[in-house]
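Undergrad: One structure follows; several queries about it will come next.
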Amino acid sequence: MTEVMNLSNDATANRTLDVAREAQAAPATALQDSIQTSNGSKFAPLVALRALRELVADPEDTSKVFVILRALSGKSIHRAYRRFLKTPIAPEVLSDPGSLIDHLRDREALRALPADSLGRAYLAFVERENISADGLVDASTQDQRFADPGLQKFAERQRDMHDLWHVLTQYGRDSFGEVCLLAFTFAQTYNPGIAAIALVGGVKTSQELGQGVWRAVLRGFTDGQRSAWLPGIHWETMLAQPLDEVRTELRIQSPIPYQTVWASARAA
């Protein structure tokens, strides 16, 4: 996940140094104890509020996104996992010693896929944006751990599919696109932490781009409701399929309000 809101380069650089100093001064165990129980579901709004303030001040500090998610997620990941266990792909995914990220890391295998495939579109996306499948892993180094290995694998899988969702939904990695994708993701997961980040991002982005932002964010949410449940998709198989067919099968529409507002902003 990239920036949620834009700041000037000088302000961002200065705040990055401040946050780094605060992180070095605070004991890591205190943070973990405040947001995590044995099943990783403790609700900690004060921790989330502090992280939200730091994220507003420094949108590049993506580690705060994961702090907010852990602090506000509650039982949402457990509910999603129970739903996942009812899908036809659950036995295969959970018994596979590999993981989704193994496929997303293998750029040569992705390059060998058909030119119109989801996998090739994903490869073009990460190369154009100069990112990697490991980016979210690096940002979530303090991510919660679950005693149930199946739940842990599901949580990591859900994290790793984020950039695939960018490709499918056509929301960019600009701050506006990230907010719209968060709204889409909230409709898929009903994770309060995601809603909080989307709301703060929407306020900031609407100040920059106008009230058309909220129409686009609402469209992201409704599209997330109308589409197939993406955490239950076997992405390893989908990578080889034509991108347009995948979008049709999963009922993912083009984000016209986002594209309209963003085109106007770039032309201004």
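The values are calculated or read from the model by the stated rules, or taken from the named source; none is laboratory data. Please read these numbers as outputs of a predicted model, since none were measured by experiment. A quick note on method: Cβ atoms are made from the backbone with ideal geometry, for glycine too, and the neighbour counts reach across all protein chains shown.
Undergrad: Restricting segment 120-134 to residues that are among the charged types (D, E, K, R) and either within 18 Å of Arg159 (Cα to Cα) or surrounded by 14 or more Cβ atoms within 10 Å (Cβ to Cβ) (or both), which is modelled with the lowest pLDDT?
TA: It comes out as Asp134.
Undergrad: Checking Phe176 against (1) over 30 Å from Val93 (Cα atoms); (2) out of contact with any Ser or Thr (no Cβ under 8 Å at 6 or more places or on another chain): exactly one of these is not met. Which one?
TA: (2)
Undergrad: Return the total of residues in segment 43-83 being without any contact (Cβ under 8 Å) to a residue 60 or more places away in the chain, part of a helix (DSSP H, G or I) and either aliphatic (A, V, I, L, M) or under 19 Å from Val137 (Cα atoms) (or both).
TA: 6
Undergrad: Taking segment 201-227 on its own, how many of its residues are within 17 Å of Tyr171 (Cα to Cα) and in contact (Cβ under 8 Å) with a residue 24 or more places away in the chain?
TA: 18
Undergrad: Another question, if that's okay. If I ask for residues that are buried (at least 18 other Cβ atoms within 10 Å of the Cβ) and at pLDDT 90 or above, which ones from segment 196-205 would you list?
TA: Scanning segment 196-205 gives Ala198, Gly202, Thr205.
Undergrad: Oh, and also: Just to be sure, is Val217 buried (at least 18 other Cβ atoms within 10 Å of the Cβ), closer than 25 Å to Gly74 by Cα and β-branched (Val, Ile, Thr)?
TA: yes
Undergrad: Do we find that Gly224 is crowded, with 23+ Cβ neighbours inside 10 Å and within 26 Å of Phe43 (Cα to Cα) in this structure?
TA: Details: crowded, with 23+ Cβ neighbours inside 10 Å: yes; within 26 Å of Phe43 (Cα to Cα): yes.
It is true that Gly224 is crowded, with 23+ Cβ neighbours inside 10 Å and within 26 Å of Phe43 (Cα to Cα).
Undergrad: Next question. Please go through segment 169-195 and give me each residue that is among the aliphatic types (A, V, I, L, M) and either under 18 Å from Arg266 (Cα atoms) or surrounded by fewer than 24 Cβ atoms within 10 Å (Cβ to Cβ) (or both), ordered by number. Reasoning before the result, please.
TA: Of all residues in segment 169-195, those among the aliphatic types (A, V, I, L, M) come to 179, 181-183, 187, 194-195.
The answer is Val179, Ala187, Ala195.
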